[in-house]
Amino acid sequence: MIEFQHVGKSYGGTPAVSDLSLTIARGDFTVLIGASGSGKSTALKVINRLVEHDAGRVLFQGEEIRRFRPEDLRRRMGYAIQSTGLFPHWTVARNIATVPGLLGWPRERIRARVDELLVLLGLDPATFGHRYPHELSGGQQQRVGVARALAADPEVLLMDEPFGALDPLTRGALQQELARIHRVSGKTIVLVTHDIDEALALGNRLVLLDRGRIVQVGIPTDLLVNPANDFVIDFLGRAERGLRLLGLQTVAMRLRPGDAADGEPLPAHLTLRDALSVFATRHTDRLPVVDAQGRCIGALHVGDVLRAPP
Ligand SMILES: Nc1ncnc2c1ncn2[C@@H]1O[C@H](COP(=O)(O)OP(=O)(O)OP(=O)(O)O)[C@@H](O)[C@H]1O
Ligand SMILES: [Mg+2]
């Protein structure tokens, strides 16, 4: 759906992105990670022509993006950024309605869509719809920014640290919401983040950048299990790598079906990382496991958490 072919972008002779080649298929959830200044935002903005590349080719549905008008790209690609970029003199509702308005949706449909999105992102339409951005907290503004990106149900979502200013609880809730939107809509999402755990939780493909170049591309477990070099290991957190790997696996994957144990049960969908933490706080080496309906389906042994995956 989106293809980078040897793409470069320099500022005053200094490359921000160099020789970037990457194919993003329809329905992929791609996460760009890397240190500050590694070129993540530049690579993302090349996709909707907020930044013009000066080397290579960028294709959207097989056509060089320069052949599209920037306005058309921006209607087809929702864009959310950490600093929100909301129009300060427009109400929250009008901000969210930007693209549906450009597309000429009927007034009633726009109103219904704005309310639907505010509810989805945990903001009461009656309370927040008529406020101006400066009357919202930073995290609330970010949520409005995400709502605006989603408004016209675009084919592609480009998100640059959209959850940066949120507390861990709200952030976790919005991550789950975004993962759900991706699951049910099959949208193509490209998200930039500094946060490794966010990248591992959301992406089905991670792209690690360093000084404008790709260091490794792969599914999350691939980067953890087969890091290309020491840079990848350090970036993923040398000490945390094993725990992060357990964070990608669930209790259901290691339980002994039909086995019994005493104590407060673990839900089968819990990650092995969280399960390990429960073992550590309960001072026990085996716990019962229940499914989503609360039925006992077996037991998890702490030793099995550390076994190599089958
Ligand atoms: N408009 C610009 N003019 C000059 N240099 C720029 C411009 N935008 C980005 N750069 C430079 O390009 C490099 C890559 O910047 P970019 O914003 O893509 O990094 P990033 O990975 O998104 O970083 P961060 O995590 O801090 O947001 C940096 O060295 C930056 O200083
Ligand atoms: Mg950036």
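Comparing PHE87, PHE235, PHE279 in a Gaussian network model of the chain (Cα springs below 10 Å), the most mobile by mean-square fluctuation is PHE279. Of ILE297, ILE96, ILE233, the residue with the greatest mean-square motion in the GNM of the chain, using alpha carbon springs below 10 Å, is ILE297. Looking at the chain only, what percent of DSSP beta bridges run antiparallel? Nearest 5 please. Restricted to the chain, the bridges split so that about 55 percent are antiparallel.
Largest GNM mean-square fluctuation among PRO267, PRO220, PRO133, using the chain with Cα springs under 10 Å: PRO267. Decide, for the chain, between rounded, prolate and oblate: order the square roots of the alpha carbon gyration tensor eigenvalues as a ≥ b ≥ c, take rounded if a/c falls under 1.5, and otherwise choose prolate if a/b is larger than b/c, else oblate. Oblate, because a/c is 1.5 or more while a/b does not exceed b/c. The alpha-carbon of LYS187 sits under 17 angstrom from the alpha-carbon of none of the lysines, leaving out residues fewer than 8 places away in its chain.
Taking all protein chains into account, the per residue accessible area for segment 172-231 stands at 43 Å² (1.4 Å probe). For segment 249-305, carbon and sulfur atoms together expose 53% of the accessible surface, with a 1.4 angstrom probe and every protein chain in place. Mean separation of Cα pairs under 8 Å and 6 or more residues apart, divided by the residue count, gives the chain a relative contact order of 18 percent.
Annotation: aspartates and glutamates with alpha-carbon distance below 13 angstrom to LYS9 (same-chain offsets under eight excluded): ASP19, GLU52, ASP54.
The values are calculated or read from the model by the stated rules, or taken from the named source; none is laboratory data. Source: prediction; values computed, not measured. Remember, those area values only see protein heavy atoms, side chains included, never the ligands or the DNA or RNA. Shrake-Rupley method; radii C 1.70, N 1.55, O 1.52, S 1.80 Å.
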